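The values are calculated or read from the model by the stated rules, or taken from the named source; none is laboratory data. In this text the structure is predicted, and so the values were computed from the model without any measurement. With ideal geometry, Cβ positions are generated from the backbone for all residues, glycine too; neighbour counts draw on all protein chains shown.
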Amino acid sequence: MIDVRSLTKRYGSTVAVDGLSFEVRRGQVTGFLGPNGAGKSTTMRMILGLDRPSEGTALIDGTPYGELRNPLRKVGALLDAKAVHGGRSARDHLLCLAQSNGIPASRVAEVLALTGLTAVARRRAGGFSLGMSQRLGIAAALLGDPEILLFDEPVNGLDPEGILWIRTLMRDLAAEGRAVFVSSHLMSEMAQTADHLVVIGRGRLIADTGVDEFIGRSSQAYVRVRAPRLPELARVLGGNGGPNGAGTRVEVSLHGDHLRVTGMGAEAVGEAAAGAGLALHELTPVAPSLEAAYMELTQDSAEYTGARA
């Protein structure tokens, strides 16, 4: 387990990470989300002992990474796919890591096969594409058969087949009881891969929750309604702030051949229409996507935003 407590990192007057506390548990994929500049990479570097915290702790099963006796057997990580000696072959790069960590040389062939690099094992890593470099970085992370894995943007440069492969790999690793901690900007991938989310913005924790619970926080859920008398139905639904005068704020908007209704559930919409004698052709609850929930909940935490056209 990764246990982060009150983790803080300052660079002069700049606070990159501000009092973060969370856990990454075994048996699940934990997605690490946040806008550019939120402090995700800095947090991962502190977990791996590459940066020293200004305050707080980051422990691996109760031990700082720097005090682990055989770190690659405990923790595997991919932070920078290009952090490889360009003159070495993929095989030699992995063999050096194996020899320096007491890992059998036979494991090198296993991870090369697992990551699809056997055919290019003797090619120089400096000539690899970004996607191939990502696979080599993942092979290095898996080399010690570790219990805990950290991946920073692992799908960068991968083609669709590669993205499906890494998604399946992370799910399989978690199913084996390992802790998998992965940062990504691809919300569609996180929606299909992660069990749990840690979301930060401006170095601070925004959410530490399951994927479904995080999406449920979004106000962008709505009910799609099609009916032959849309204008009249819109007046009925938005007329009194909610069914039975409950005071719930209801918003109704027309989108071509249907209405979008927020603030009122599908059952309440159906009852209101029935009470007004209005027929319905469609009544569909639409849940927000992870991307929509993420954009809504982090909109005030983005460091870099472009102007709208």
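Return yes when Arg124 is surrounded by fewer than 18 Cβ atoms within 10 Å (Cβ to Cβ) and either over 17 Å from the mean Cα position of the chain (by Cα) or not charged (D, E, K, R) (or both) and no when it is not.
Spelling it out, Arg124 is indeed surrounded by fewer than 18 Cβ atoms within 10 Å (Cβ to Cβ) and either over 17 Å from the mean Cα position of the chain (by Cα) or not charged (D, E, K, R) (or both).
Considering only region 30-39, how many residues are at pLDDT 95 or above and either over 13 Å from the mean Cα position of the chain (by Cα) or not β-branched (Val, Ile, Thr) (or both)?
2
Considering only residues of region 1-22 that are within 25 Å of Ala174 (Cβ to Cβ) and free of Cβ contacts under 8 Å to residues at least 60 places away in the same chain, which is surrounded by the most Cβ atoms within 10 Å (Cβ to Cβ)?
Checked region 1-22; the qualifying residue surrounded by the most Cβ atoms within 10 Å (Cβ to Cβ) is Leu7.
Kindly indicate the residue of region 213-225 that is charged (D, E, K, R) and out of contact with any Leu (no Cβ under 7 Å at 6 or more places or on another chain) and also surrounded by the most Cβ atoms within 10 Å (Cβ to Cβ) among those meeting that condition.
Arg224
Could you count how many residues in region 102-113 are modelled with pLDDT under 95 and surrounded by 14 or more Cβ atoms within 10 Å (Cβ to Cβ)?
1
When the residues of region 234-271 are filtered to those that are outside any strand (DSSP E or B), of a type in the set (A, V, I, L, M) and modelled with pLDDT of 90 or more, which remaining residue is farthest from the chain's Cα centre (by Cα)?
So, considering only residues that are outside any strand (DSSP E or B), of a type in the set (A, V, I, L, M) and modelled with pLDDT of 90 or more, the one farthest from the chain's Cα centre (by Cα) is Val236.
Just need a number here: residues in region 19-57 that are of a type in the set (D, E, K, R), within 14 Å of Val198 (Cβ to Cβ) and not in a loop (DSSP other than H, G, I, E, B).
Number satisfying all stated conditions: 2.
I'm told Thr63 meets every condition in (1) over 23 Å from Phe32 (Cβ atoms); (2) without any contact (Cβ under 8 Å) to a residue 12 or more places away in the chain except one. Can you identify the failing condition by its number?
For Thr63, the failing item is (1).
With the requirement that a residue be more than 16 Å from Arg135 (Cα to Cα), free of Cβ contacts under 8 Å to residues at least 60 places away in the same chain and among the aliphatic types (A, V, I, L, M), what does region 153-195 give you?
Correct list: Leu186 only.
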